[in-house]
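Comments concern the structure below.
The values are calculated or read from the model by the stated rules, or taken from the named source; none is laboratory data. Being a predicted model, the structure only gives us computed values, none of them experimental. Cβ placement follows ideal geometry from the backbone for every residue including glycine, while neighbour counts extend to all protein chains displayed.
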Amino acid sequence: MALLDINVQSTSRLQLEPIKKPDGGYLFNGCIPTRVIDVHIGEQEHTKGEFKDMKVPVLQAEFENLKLNPSDPDKFYTHSFKVVGTKQLVTGTSDQYENRKEIDILNDTNDLWKTIKHFLENLYLSPNYRDITKIPKQDITAYFDLPGIDTPEKRIEGYNKFFNYIIKFVNGDGKDIKSQIVDTEGKALPMWIKMLPNYDRDPNRNKKYYTISRFIGQGVFEAMKTEKGLPVGSPKMIKVKPTESLELSIASASNAANAAQASMVTPGIDPAVAKLLGGQ
């Protein structure tokens, strides 16, 4: 017989999504008010490719919804910054791999760093903010030299060092270095995020849920000012463009439940709350 885990999560978490207005459209230019609740390392177990049968580190930032009403349900999103792959399938095969072009690996590695740096730069409203560009040169040499084409073991080692450095930089050490993901009141740091329907070549998976793009473009994160625990206005730098649709192709049961809950909650916003939101 199996010993039951009494702490097992019995239901799936509601996912973050843009907040619909009762009369159509979206609040906050389609962006989502959140709080950053954690930055940590996760693991991804690969079943194929260069890391077959290995556990690969993933740098993860955890967000929860900044509630406009106390009765709003809890919603969450985990954004993963993943190790850049150096292998690709040999054309016409399903299990043979070859090295990717070094320039493509370098470009993807730079895109990964740009997205992480973009996130770090938007922690600046934290009283404990630290500028990543001001770290010691020896730290850059020791932790920021990400491996390209190499053995899987050395690549995992290099990314583990880099991700752990970022985590300590953000979370502090619990002693002298304080966490950057808290506000002046000691609460989880508010932040705007831009999420769009996921892109997938497979139409059965395309536009089924919301995600943060790994291509930051004009931005996907933005520091948020609040008043009485609510967002002040809308984000200034990030927004959903007219050419970007927020509609999912077929709403999942989770998203349908979220939408139904949002439609019930939004019309009940207190007038004082609506005033603080600036009529958004």
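Assorted remarks:
- Within the stretch 22-41, being out of contact with any strand residue (DSSP E or B) (no Cβ under 7 Å at 6 or more places or on another chain), surrounded by 14 or more Cβ atoms within 10 Å (Cβ to Cβ) and either at negative phi or part of a loop (DSSP other than H, G, I, E, B) (or both) holds for one residue alone: Leu27.
- Within the stretch 212-234, the set of residues being surrounded by 13 or more Cβ atoms within 10 Å (Cβ to Cβ), within 17 Å of the chain's Cα centre (by Cα) and touching a residue at least 40 places away in the same chain (Cβ under 8 Å) comprises Ile212, Arg214, Ile216, Gly219, Val220, Phe221, Glu222, Ala223, Met224.
- Residue check, Gln44 modelled with pLDDT under 95, out of contact with any strand residue (DSSP E or B) (no Cβ under 8 Å at 6 or more places or on another chain) and either surrounded by fewer than 16 Cβ atoms within 10 Å (Cβ to Cβ) or assigned to a strand (DSSP E or B) (or both): no
- The set of residues from the stretch 41-82 being under 27 Å from Thr109 (Cα atoms) and polar (S, T, N, Q) comprises Gln44, Thr47, Gln60, Thr78, Ser80.
- Any hit, the stretch 207-221, residues being in a loop (DSSP other than H, G, I, E, B) and in contact with a Gly (Cβ under 8 Å, 6 or more places away or on another chain): no
- All strands (runs of 3 or more DSSP E) inside the stretch 75-193 with 3 or more residues being touching a residue at least 40 places away in the same chain (Cβ under 8 Å) and closer than 30 Å to Tyr209 by Cβ: 76-82, 189-193
- Condition met for Gly25 (closer than 30 Å to Lys228 by Cα and at pLDDT below 95): yes
- Restricting Leu277, Leu196 to those that are aliphatic (A, V, I, L, M), out of contact with any Lys or Arg (no Cβ under 7 Å at 6 or more places or on another chain), modelled with pLDDT of 90 or more and closer than 21 Å to Val36 by Cα reduces the list to Leu196.
- Matching residues in the stretch 36-74 - criterion: being touching a helix residue (DSSP H, G or I) at 6+ places or on another chain (Cβ under 7 Å), closer than 21 Å to Gly186 by Cα and not small (Gly, Ala, Ser): Val39, His40, Leu68, Asn69
Every residue, every condition in (1) modelled with pLDDT of 95 or more; (2) out of contact with any helix residue (DSSP H, G or I) (no Cβ under 6 Å at 6 or more places or on another chain), yes or no:
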residue: Gly217; (1), (2): no, yes
residue: Phe221; (1), (2): yes, no
residue: Thr226; (1), (2): yes, yes
residue: Ile238; (1), (2): yes, yes
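- The stretch 11-33 - residue that is more than 20 Å from the chain's Cα centre (by Cα) and small (Gly, Ala, Ser) and, of those, nearest to Met195 (Cα to Cα): Gly25
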